[in-house]
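> Next up is a structure, given as C-alpha cells.
The values are calculated or read from the model by the stated rules, or taken from the named source; none is laboratory data. Predicted model, so just to flag it, every value in this text is computed and none were measured. Cβ atoms come from the backbone with ideal geometry, glycine included; neighbour counts cover every protein chain shown. With ligands, DNA and RNA removed, areas are computed over all heavy atoms of the protein, side chains included. Shrake-Rupley method; radii C 1.70, N 1.55, O 1.52, S 1.80 Å.
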Amino acid sequence: MNIYNRQKNLNLYIPETIAVIGIGGVGSWVALGFALTGVRNLILIDHDIIEDTNLNRTPFRLVDINKQKVNALSELIAERRNDCNVYPITSMFEDIDDTIFNVLPIPEVVIDCRDTTKPLTRWKEKCIITGGYDGSSITIHVKPDYSKIWGSGRVRYSVTPSWLVPPVFIASIIVSFVCFKIDLPEKVKTFDLKQEVLNVINNNNTKC
C-alpha cells in the first residue's frame, strides 16, 4: 500500500520535521494536514486541554474533551499515519526548558498558531507563514513581523466568533504555502472570507 502514490507527480516539498506551536482551531488542522501530506516528524506544542466549545472547529472528538490537545491530536495522527513521529509537548512554548529542546529533532519549518502576538523566544527565523481569524475576517502573514501580525485593525471581540471554515481555510493555505515552497517577501493580507468566496464564484474565468 502506498498512501502517497497519488501526490507523487505534484512534486511537493515535504519537510522532514515541522513544529506547530498552538494546537487550537488553526494549529490542529495545520498539524493534521502536514501529517497526512507525509511529514515524518511533528513537534506539537500546547499547554491547553480540549473543551466542548472547541469541537465546532477542530478535528477533536467528544471522547477527547478534557484531554491535552497535543495528546489527543497525537492519537488522531497515529490512527492515520504510523510513519509520522509525533513529539507532544504539554507546555507553553515560552516555558519549555532547554533540556526538552535539546532532545527534539530540529524543525525545518515552524508554524506559530498561538493566540498571542508576542514574538517567539526561539525558532523565529523558521516561522515563514502564520494565519489567524476574527469571525470571518482572515489574516495571512508571510515572514511574520510580530508588530503587525494581525494587520492594523483592532481586535473587536474578547471571545472570537469561530466556526469550522476559517481555520480549515487558513490551514490549507499554510500547508500549501510550505509544500509548494512559495517564496515571497514579508506580506500581510487581510480579507473577508465570504467576499473571497463570492469573488471566486463570480469570476468569469472560473471553469465549471
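> Run the numbers on the stretch 51-191 and let me know its relative contact order in percent, using alpha-carbon pairs under 8 Å that are six or more apart. Intermediate results must be reported in sequence, preceding the final value.
On the way: 142 pairs, mean separation 30.2, N = 141.
With pairs under 8 Å counted, the relative contact order is 21 percent.
> Between beta-carbons, use under 14 Å as the cut-off and find the net charge around Pro88, counting Lys and Arg +1, Asp and Glu -1. Intermediate results must be reported in sequence, preceding the final value.
Working: positive: Lys67, Lys69; negative: Asp46, Asp48, Asp64, Glu75.
Net of charged neighbours comes to -2.
> How big, in percent, is the set of alpha carbon pairs in the chain lying more than 22 Å apart?
Cα-Cα pairs of the chain separated by over 22 Å account for 50 percent.
> Same structure again: Using a 1.4 angstrom probe, figure out how much accessible area the chain has per residue, in square angstrom, rounded to the nearest whole. Walk me through the numbers before you get to the answer.
Values: 11770 Å² over 208 residues.
Roughly 57 Å² per residue, with all protein chains present.
> Moving on to the next point. Using amide H atoms built in the peptide plane, which far-off residues or other-chain residues are under 5 Å from Ile89 H to H?
Leu44, Ile45, Asp46
> While we're looking at this one, here's another question. Based on the alpha carbon coordinates of the stretch 1-48, what radius of gyration and maximum Cα-Cα distance (Dmax) apply, in Å?
12.1, 38
> A further question follows. Which helices of the chain meet both criteria: a Cα extent of 20 Å or more along the helical axis and a mean Kyte-Doolittle score no lower than 1.6, with helices taken as whole DSSP H segments? Can you show the working numbers first?
Working: long enough: 165-179 (21 Å, 2.36).
Taking the DSSP H segments of the chain (at least 20 Å long, mean hydropathy at least 1.6), we get 165-179.
> Expressed as a whole percentage, what fraction of the accessible surface of the stretch 27-130 belongs to carbon and sulfur atoms when a 1.4 Å probe is rolled over the protein heavy atoms?
On the way: 2440 of 4990 Å².
Answer for the stretch 27-130 is 49 percent, counting heavy atoms of protein chains only.
> Now for a separate question. So what are the ³J(HN,Hα) numbers for the stretch 131-145, from phi and the Karplus equation (6.51, -1.76, 1.60; θ = phi - 60°), rounded to whole Hz, Gly and Pro as x?
x, x, 8, 9, x, 9, 8, 10, 10, 10, 10, 8, 6, x, 9
> Let me ask something else. Restricting to Cα pairs below 8 Å that are 6+ residues apart, what does the relative contact order work out to for the stretch 1-121? Please round to a whole percent.
Across the stretch 1-121, relative contact order equals 34 percent.
> Considering every pair of different Cα atoms, what Kirkwood radius, in Å, is found for the stretch 90-137?
Over the stretch 90-137, the inverse of the mean reciprocal pair distance is 12.5 Å.
> How much length, in nm to one decimal, is gained on full extension between Glu196 and Thr53, taken as 0.36 nm per residue of separation minus their Cα-Cα distance?
Working: separation 143, 0.36 × 143 = 51.48 nm, distance 2.68 nm.
Stretched fully, the Glu196-Thr53 segment lengthens by 48.8 nm.
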